[in-house]
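Participant: I am attaching a structure below and will ask some questions about it afterwards.
The values are calculated or read from the model by the stated rules, or taken from the named source; none is laboratory data. Only a predicted model underlies this, so the values are computations on that prediction, with no experimental measurement involved. Cβ placement follows ideal geometry from the backbone for every residue including glycine, while neighbour counts extend to all protein chains displayed. Please note that ligands, DNA and RNA were not included when accessible areas were found on the heavy atoms of the full protein model with its side chains. Shrake-Rupley method; radii C 1.70, N 1.55, O 1.52, S 1.80 Å.
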Amino acid sequence: MKRINFTQITITDPFWTPKLNQWKQVLIRTCLDKCYESGRIDNFKKAGGLISGEFKGIYFDDSDVYKVLEGAAYFLQLEEDPALEAEIDQIISYIAAAQEEDGYLVTYYTLVEPANKWTDMERHEMYCGGHLMEAAVAYYQATGKQTLLTVAKKLADHYLAVFGEGKRNWVEGHEEIELALVKLAKVTQRQEYLDFAKWLLGQRGHGLGQGMIWDKPNWGPAYCQDDVPVTKISQAVGHSVRAVYLYTAMAEIFESEHDEKYLEALTAVWEDITQKKMYITGGIGSSRENEGFKEPYQLPDESAYCETCASIGEVFFNQQMNLITDEAKYADIIERCLYNGILSGISQEGNKFFYTNPLASVGDHHRSEWFGTSCCPTNLSRFLPSLGNYLYSESDDGQILTVNQYIGSEYTKPGAKGYVKLSSDMPWQGSCTITVAAASGYTGLRLRRPFWSRNHQILVNGKKINCQADAAGYLTLELRQEAEMVISVAFENTVREMYAHRHVLSHQGKLAIMKGPLVYCAEKIDNPDRYYDELALAPGSSYQRQWDDELSCERLIFDKASTEGMERQPLQLIPYYAWDNRKPGYMKVWLDRIDSAALYHS
């Protein structure tokens with residue numbers, strides 16, 4: 001399948017559009033202001049000799065500036081903003097000034113340790129470079145301006161001059177450069193960048209890594225996925241963000257190189273993650289010790305790491321897997337992450353963030369305006385405006401359109417006279433209507449059957465049809481070019497009681513609630529007469545749905561439960577993504593299961 005770029009899609013969705021408008025006004029501005037305040041942008045001016053002063057921050061802070069520029073570029077691709085563009089042009093001039101004559105560019109090393117470049121593979125030198133390249137590609141596509149792209153090519157050429165066959169070995173401690181080089185290769189049509197990305201992948205798992213990671217006993221090579229060659233990967237290990245960035249790069253390269261060993265490894269590690277190491281929210285990385293994966297089925301709630309960046313990386317990985325395999329299960333994971341593990345990472349106002357996303361809190365976990373390591377806010381700034389990337393794909397011959405996410409939107413295929421318009425009432429309901437105009441350019445339409453729906457009904461121009469999902473998880477319909485078609489789809493969207501695998505000991509005797517793609521949780525503010533340890537629910541409890549104007553979401557209210565004369569107010573749950581937007585207090589996703597002999601007690 002081929003991706004359809006978000007710039008070709010107009011999102012018109014009652015759930016997502018207000019959020020996108022809010023983020024456009026607040027998110028980029030918040031991240032840019034913090035980059036100014038923290039000295040991240042001044043570091044480029046200092047390195048370029050534009051102002052005097054010492055380096056301020058952490059050695060990888062350049063990457064945050066690049067991610068915000070990438071996010072700004074995406075917003076500019078959606079809507080012109082001359083003032084924002086002028087500001088980004090100014091920042092780019094600082095970056096260009098900071099680049100050294102040979103192409104090297106990391107302000108920390110230029111200002112602090114110029115003699116120690118390329119001595120510790122953990123120090124994020126190519127990680128920063130990768131984010132610069134992605135920003136450069138995005139800004140060139142948004143504006144046609146080549147200043148930052150020229151910087152990126154000069155940096156990539158520096159890498160090629162120093163590293164490669166017959167030159168120096170290198171295992172970048174934090175993956176990112178590999179997938180960035182793929183993007184740079186596509187926009188510049190330079191095969192050597194793609195070849196270098198594959199060379200970097202081939203460096204892993206051969207004992208070549210050197211630096212702080214490799215010397216730390218409880219981390220070691222597995223922390224940065226350097227324990228086995230990439231074609232031998234079968235288990236997700238180490239730092240979760242680094243891991244999914246690696247898998248994404250492998251899938252990107254498979255798309256052009258078709259190395260079956262890559263696909264075998266990716267399929268195996270995907271199964272390991274989704275069957276043994278992923279939370280119900282789509283979050284990954286259960287351990288704070290290594291910010292990543294531990295043993296299978298070890299999924300604690302309060303100490304869950306579930307970094308926002310990791311959920312974003314999960315989407316990158318699953319998007320590529322969906323494109324190269326054409327299987328709906330990968331789009332299911334994307335949907336789970338979008339509505340839970342990613343959306344929870346940003347506040348309702350769009351100016352506060354979660355770095356980690358636990359599934360339970362006694363009341364001491366809250367969003368922050370910024371972090372010393374602020375990869376998550378800046379990652380959100382580039383991911384959220386590109387949401388449209390994950391809605392549709394089309395077959396290689398351009399005849400079949402696939403709907404992967406049911407987000408209200410409009411799309412017209414280049415060169416076609418007719419449009420495709422999708423209207424949706426998800427996630428609160430389960431219905432959508434897809435209008436395919438005459439001469440849309442497509443002969444077939446494929447609809448993902450969501451993992452959360454047991455039944456569905458399809459009407460074509462008002463007439464019910466029988467259509468079952470194929471082995472890949474899609475419903476397929478033929479389209480007529482000569483007339484408009486209105487396809488109404490109703491997926492069953494009811495409350496579901498979820499139970500963990502028997503090996504997840506921390507969740508035994510508990511249940512969680514989902515409705516559609518949304519995971520729900522209990523918050524103290526909605527359940528003031530219950531203590532944290534008294535959050536419980538009986539299977540089969542009846543419930544009511546109620547709209548919450550303050551949070552702009554649907555809450556679930558489960559009826560009173562009583563035993564031996566003890567009564568409580570109804571248990572109220574809200575979507576997990578909406579928690580910690582009001583008064584501070586506890587939160588829980590997994591609730592104690594109440595059997596008939598053990599109802600609520602005071």
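Participant: Using a 1.4 angstrom probe, figure out how much accessible area the chain has per residue, in square angstrom, rounded to the nearest whole.
Facilitator: Accessible area per residue: 37 Å².
Participant: Round to the nearest 0.05 the FRET efficiency obtained for PHE371 and ALA472 when R0 = 56 Å and r is the Cβ-Cβ distance. List each step's numbers first, then the result.
Facilitator: Values: r = 40 Å, r/R0 = 0.71.
Efficiency for this residue pair is about 0.90.
Participant: Taking the Cα centre of the chain as the origin and placing charges on Cβ (Lys, Arg +1; Asp, Glu -1), which of GLY408, THR356, GLN25 is farthest toward the positive end of the dipole?
Facilitator: Highest projection toward the positive end goes to GLY408.
Participant: Please work out how much length the chain gains when fully extended from LEU505 to GLU87, using 0.36 nm per residue of separation minus the C-alpha to C-alpha distance, in nm with one decimal.
Facilitator: 145.3 nm
Participant: Output wanted: per-residue J couplings in Hz (rounded whole) for the stretch 231-237, from phi through Karplus 6.51 cos²θ - 1.76 cosθ + 1.60, θ = phi - 60°, x for Gly and Pro.
Facilitator: Calculated HN-Hα couplings, in order: 6, 9, 5, 9, 10, 7, 9 Hz.
Participant: Add +1 for every Lys or Arg and -1 for every Asp or Glu among the other residues with Cβ under 14 Å from the Cβ of ALA310, and state the total.
Facilitator: 0
Participant: Among THR325, THR150, what's the order by accessible area (1.4 angstrom probe), most exposed first? Provide the component values of the computation, followed by the final result.
Facilitator: Details: THR325 35, THR150 75 Å².
Reading off the accessible areas and sorting them downward yields THR150, THR325.
Participant: Okay, moving on. To the nearest 20 debye, what charge dipole does the chain have about its Cα centre, counting +1 at the Cβ of each Lys and Arg and -1 at the Cβ of each Asp and Glu? Please report the intermediate quantities before stating the final value.
Facilitator: On the way: 60 positive and 82 negative charges, 192 e Å.
The dipole magnitude comes to about 920 debye.
Participant: Ranking request for peptides 528-537, 65-74: highest mean number of other beta-carbon atoms within 10 Å first, then the rest in descending order. Mind dumping the intermediate values first?
Facilitator: Details: 528-537: 15.5, 65-74: 27.0.
Descending mean neighbour count gives 65-74, 528-537.
Participant: What accessible surface, in Å², does a 1.4 Å probe find on ASP157, ignoring ligands, DNA and RNA and rounding to the nearest 10?
Facilitator: Using a 1.4 Å probe on the heavy atoms, I get roughly 60 Å².
Participant: Same structure, new question: Which order do ILE312, ILE58 take by accessible area at a 1.4 Å probe, largest first? Display every interim value, and only then the final one.
Facilitator: Working: ILE312 0, ILE58 55 Å².
Greatest to least solvent exposure: ILE58, ILE312.
Participant: Could you work out how far helix 240-257 tilts from the main Cα principal axis of the chain, as a 0 to 90 degree angle to the nearest 10?
Facilitator: 70 degrees
Participant: How do the peptides 105-114, 371-380 rank, highest first, by the average count of neighbouring beta carbon atoms within 10 Å per residue?
Facilitator: Per-residue mean Cβ counts within 10 Å order the peptides as 371-380, 105-114.
Participant: Quick one: work out the % antiparallel among DSSP beta bridges in the chain, nearest 5.
Facilitator: Of all bridge pairs located within the chain, approximately 90 percent are antiparallel.
Participant: Of the cross-linked pairs LYS117/LYS153; LYS232/LYS294; LYS2/LYS34; LYS261/LYS413, which ones have a Cα-Cα span greater than 30 Å in the structure shown?
Facilitator: Over 30 Å apart, Cα to Cα: LYS2/LYS34; LYS261/LYS413.
Participant: Still on this structure: Using the per-residue mean of other Cβ atoms lying within 10 Å as a proxy for protection, in what order, highest first, do the peptides 200-206, 490-496 fall?
Facilitator: 200-206, 490-496
Participant: What is the stretch 179-285 by shape, rounded, prolate or oblate, if you read a ≥ b ≥ c off the alpha carbon gyration tensor as root eigenvalues and call it rounded for a/c under 1.5, prolate for a/b larger than b/c, and oblate otherwise?
Facilitator: The shape class here is oblate.
Participant: Per DSSP H run of n ≥ 4, the term is -39500 (n - 2.57); total these for the chain, divide by its residue number, and report the mean residue ellipticity at 222 nm rounded to 500 deg cm²/dmol.
Facilitator: Mean residue ellipticity, 222 nm, calculated: -11000 deg cm²/dmol.
Participant: Say the cut-off is 24 Å between C-alpha atoms; which of LYS277/LYS510; LYS67/LYS154; LYS45/LYS145 go over it?
Facilitator: None, as every Cα separation is 24 Å or less.
Participant: For Cα pairs less than 8 Å apart in space and 6+ apart in sequence, what is the mean separation divided by the residue count of the stretch 361-497, i.e. the relative contact order in percent?
Facilitator: 21 percent
Participant: Can I ask one more? Starting from the Cα-Cα distance between GLU79 and ASP559, subtract it from 0.36 nm times their residue separation and give me the gain in nm to one decimal. Can you show the working numbers first?
Facilitator: Working: separation 480, 0.36 × 480 = 172.80 nm, distance 4.66 nm.
Fully extending the segment from GLU79 to ASP559 adds 168.1 nm.
Participant: In whole Å, what is the distance between the alpha-carbon centres of the stretch 79-116 and the stretch 285-358?
Facilitator: Centre-to-centre (Cα) distance: 30 Å.
Participant: Relative contact order (percent) for the chain, with alpha-carbon contacts under 8 angstrom and 6 or more residues of separation? All intermediate terms of the calculation are to be shown ahead of the outcome.
Facilitator: Numbers: 1228 pairs, mean separation 75.1, N = 602.
Worked out over the chain, it gives 12 percent.
Participant: Quick one: of the DSSP bridges fully inside the stretch 448-599, what percent are antiparallel, nearest 5?
Facilitator: Once the DSSP bridges in the stretch 448-599 are tallied, antiparallel ones form about 95 percent.
Participant: Please label the shape of the stretch 326-391 as rounded, prolate or oblate, based on the square roots a ≥ b ≥ c of the eigenvalues of the alpha-carbon gyration tensor (a/c under 1.5 means rounded; beyond that, a/b larger than b/c means prolate, else oblate).
Facilitator: Oblate is the answer for the stretch 326-391, as a/c is 1.5 or above yet b/c matches or exceeds a/b.
Participant: Hey, another quick one. If one takes the longest principal axis of the Cα atoms in the chain, at what angle in degrees, from 0 to 90 and to the nearest 10, does the Cα axis of helix 125-143 lie?
Facilitator: Relative to the chain, helix 125-143 is tipped by roughly 80 degrees.
Participant: Further question on the same structure: Can you work out the Karplus-derived ³J(HN,Hα) for every residue in the stretch 86-94? Use 6.51 cos²θ - 1.76 cosθ + 1.60 with θ = phi - 60°, whole Hz, and x for glycine or proline.
Facilitator: Working through the residues one at a time gives 5, 5, 5, 4, 5, 5, 4, 5, 5 Hz.
Participant: For the stretch 152-226, what is the relative contact order in percent, using Cα pairs closer than 8 Å and at least 6 residues apart in sequence?
Facilitator: Reported relative contact order: 30 percent.
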